[in-house]
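Chemist: Have a look at this one.
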Ligand SMILES: Cc1cc2nc3c(=O)[nH]c(=O)nc-3n(C[C@H](O)[C@H](O)[C@H](O)COP(=O)(O)OP(=O)(O)OC[C@H]3O[C@@H](n4cnc5c(N)ncnc54)[C@H](O)[C@@H]3O)c2cc1C
């Protein structure tokens, strides 16, 4: 009889663990508290419009990258699924001027040089490094700690071309990079996507992901991608149980015997994988979780000053027209409005018209996403729990201010925008148990104490494993995908079996 793997959480990491558990010959069940699988990678309908909450870009989602087979095998990029390539990473506007980070790097470089010849040296350097960062590979064959010297060397050689990017931008902040440019719009452009403190290599490699062609989005959106992933899991024989909250991981004599569901049912397991937020795992699911939390992770939670966290505020609108004047993500100045106690003077908007069949005829769906630091998450959390009416009123007021800013910048939208939905960083906690509403992992800054990989094992509980976005920098869909697979490889290793799992 095959052994049973119980997986907590039906987000990408949990579904990935489920898919590879089935492939490895285990019996597996995924328990998801929400009505639909996908976790943070999701979307929903409002008044006939599809609102997407997640994939703005994939990473290494192209033939030739190691990760491609896993993207395909997961169902996210199944055969026949069209992958939309963005024309540009984003566009920054200021005082009537605009600069595009085109996917076509030569075009982007040429236009930037025309805009600011005085920045020639830094522009050339910038594009040289973006091009090099197209060589980024997400390690995905096996966990780093399971690689032998030969495999580590092979991986190092593969990433060799990336080395100058890490050397040059690995200890430079986005703000430092912006300061190198003389043209005010170029300074703004560098800081539009990520806050000043983030390490600059994150920005360079994000752009490289888009320019490489491996950073497209699966047409149909995040929700459809997750439903395909869930189908892939079920077709392999896995069982997905939704609407079921897991209350506890039961531990006896340094082993987990299974999980306890919210309704009191005990589910016996040979192995448990917690594919939920790590804070939730150690704080809520495990009794005395402090005993077990990996020290690297604990240090980071305990030192928020040097390990900042981020989430975002969103507003989605129906636009009663089709337009090419609002396209990919576009940043622009606005008069200023209050959001969780901070004055917002820079806005951004994105038109989802590439999802052609996902809005009513003749309309468009436009979304605004404003990054919010941890203190603003705490603001929304407190407001929700102390004065829900004010929470609702404040988020509605912010959405009205956002709408005004859009109408001022794009006057042709006046009278044509209708608010469809608003959500705050606290929403991610309420729906997914996401610590501080985070949907990647810790943000790396110059002061970050180099938290790299969090072990996917739990010291002291030998048959409990972890998966999810918090285990590998910089988090996101690829990390969730890969760490789900790694959890199964760790189980196989603990059994002394071969760990190669072919997609
Ligand atoms: C707005 C936004 C944009 C993003 N854009 C991108 C992007 O462009 N590219 C990219 O790579 N990434 C992006 N991400 C990040 C990406 O969505 C996440 O990193 C990834 O989905 C995390 O997957 P996960 O499985 O690790 O965690 P989660 O998605 O959080 O999954 C955990 C699951 O566990 C469930 N759960 C929690 N507790 C319990 C419990 N007690 N019992 C049962 N079930 C439980 C939750 O409901 C959830 O379904 C974005 C995220 C957001 C929010």
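Chemist: Return a whole-number percent for the relative contact order of the range 372-465, with Cα pairs under 8 Å and 6 or more residues apart as the contact set.
Modeler: Taking the mean separation of contacting Cα pairs over the length of the range 372-465, I get 23 percent.
Chemist: Using only the alpha-carbon atoms, how far is helix 200-212 inclined from the longest principal axis of the chain? Give it as 0 to 90 degrees, nearest 10.
Modeler: Result, in degrees: 90.
Chemist: For residue 120 and residue 295 in the same chain, what is the full-extension length gain: residue separation times 0.36 nm, less their Cα-Cα distance, in nm?
Modeler: Here the answer is 58.4 nm.
Chemist: Sticking with this structure for a sec: If one takes the longest principal axis of the Cα atoms in the chain, at what angle in degrees, from 0 to 90 and to the nearest 10, does the Cα axis of helix 374-386 lie?
Modeler: Approximately 70 degrees, to the nearest ten.
Chemist: Now, a different point. Could you rank the peptides 154-166, 180-192 by their average count of other C-beta atoms within 10 Å per residue, with the highest value first?
Modeler: Taking the mean over residues of other Cβ atoms within 10 Å, the ranking is 180-192, 154-166.
Chemist: Please give the peptides 409-416, 474-481 ranked by average Cβ packing (other Cβ atoms within 10 Å per residue), highest first, as a rough proxy for protection.
Modeler: Descending mean neighbour count gives 474-481, 409-416.
Chemist: In the chain, what % of DSSP beta bridges are antiparallel (nearest 5)?
Modeler: If I count the DSSP bridges inside the chain, around 75 percent turn out antiparallel.
Chemist: Efficiency by 1/(1 + (r/R0)^6): what FRET value for residue 392 and residue 260, r their Cβ-Cβ distance, R0 = 41 Å, to the nearest 0.05?
Modeler: Calculated transfer efficiency: 0.75.
Chemist: Hey, another quick one. Between the helical axis of 149-158 and the dominant principal axis of the chain, each derived from Cα atoms, what acute angle in degrees is found, rounded to the nearest 10?
Modeler: 20
Computed from the coordinates by the stated procedures, all read-outs in this text should not be read as laboratory data. Treat the numbers as computed from the prediction; the structure is a model and nothing was measured. All Cβ positions, even for glycine, are placed from backbone atoms using ideal geometry, and neighbour counts span all protein chains on display.
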